[in-house]
Amino acid sequence: MENEQTTTTFTRLPDDAFLSLGAQQIAYVKAINLPDGEHAIGIFSADGKAIAAAPSVEIAQALIRQHDLEPAMVH
């Protein structure tokens, strides 16, 4: 049998659809500076919108899990 090559054609995902990937499953966590100069842990949706702030990574992760999302760290 000869080698058969198959060609796969991919369709580009629109930007808004790409931004919504993971929106219902993942929330991102990263260190932020609040307007008063204090440090906090920011919680962001998959499309980058700020959701909340917490005093520690552990509390941020607990808040995310309480809302049936999975936390992911951003550096």
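The values are calculated or read from the model by the stated rules, or taken from the named source; none is laboratory data. Note that the coordinates shown come from a computational prediction; the quantities given were computed from them, not determined experimentally. Neighbour counts run over all protein chains shown; Cβ positions are idealised from the backbone, glycine included. Ligands, DNA and RNA are stripped out before the accessible areas are found, and what is left, the full protein with its side chains, is counted by its heavy atoms. Shrake-Rupley method; radii C 1.70, N 1.55, O 1.52, S 1.80 Å.
Out of Ala52, Ala60, Ala40, Ala72, I need the residue that is touching a Phe, Trp or Tyr at 6+ places or on another chain (Cβ under 6 Å) and among the small types (Gly, Ala, Ser). Which one? Please lay out each step first, then the result.
Details: Ala52 fails: touching a Phe, Trp or Tyr at 6+ places or on another chain (Cβ under 6 Å); Ala60 fails: touching a Phe, Trp or Tyr at 6+ places or on another chain (Cβ under 6 Å); Ala40 fails: touching a Phe, Trp or Tyr at 6+ places or on another chain (Cβ under 6 Å).
So the residue among Ala52, Ala60, Ala40, Ala72 that is touching a Phe, Trp or Tyr at 6+ places or on another chain (Cβ under 6 Å) and among the small types (Gly, Ala, Ser) is Ala72.
Any idea how many residues of the range 61-74 are over 12 Å from the mean Cα position of the chain (by Cα) and part of a loop (DSSP other than H, G, I, E, B)?
Selection size over the range 61-74: 2.
Just to verify a result, which residue in the range 25-53, among those that are in a loop (DSSP other than H, G, I, E, B) and open to solvent by 70 Å² or more (accessible area, probe 1.4 Å), is nearest to Val74 (Cα to Cα)?
Start the filter on the range 25-53 by keeping residues that are in a loop (DSSP other than H, G, I, E, B), which leaves 25, 34-38, 46-49.
Checking the rest, the ones that are also open to solvent by 70 Å² or more (accessible area, probe 1.4 Å) come to 25, 35-36, 38, 49.
Working: Gln25: 16, Pro35: 20, Asp36: 22, Glu38: 19, Lys49: 14 Å.
Ranking the qualifying residues of the range 25-53, first place goes to Lys49.
Any residue in the range 53-60 that is of a type in the set (S, T, N, Q) and over 11 Å from the mean Cα position of the chain (by Cα)? Walk me through how you get there before you give the answer.
Of the residues in the range 53-60, the ones of a type in the set (S, T, N, Q) are 56.
Imposing the further condition that a residue be over 11 Å from the mean Cα position of the chain (by Cα) reduces the set to 56.
Yes; the residues of the range 53-60 include at least one that is of a type in the set (S, T, N, Q) and over 11 Å from the mean Cα position of the chain (by Cα).
May I ask you to list the residues in the range 54-75 that are of a type in the set (Gly, Ala, Ser) and surrounded by 17 or more Cβ atoms within 10 Å (Cβ to Cβ)? Quick ask: steps written out before the conclusion?
At the first step, the residues of the range 54-75 found to be of a type in the set (Gly, Ala, Ser) are 54, 56, 60, 62, 72.
Answer for the range 54-75, where residues must be of a type in the set (Gly, Ala, Ser) and surrounded by 17 or more Cβ atoms within 10 Å (Cβ to Cβ): Ala54, Ala60.
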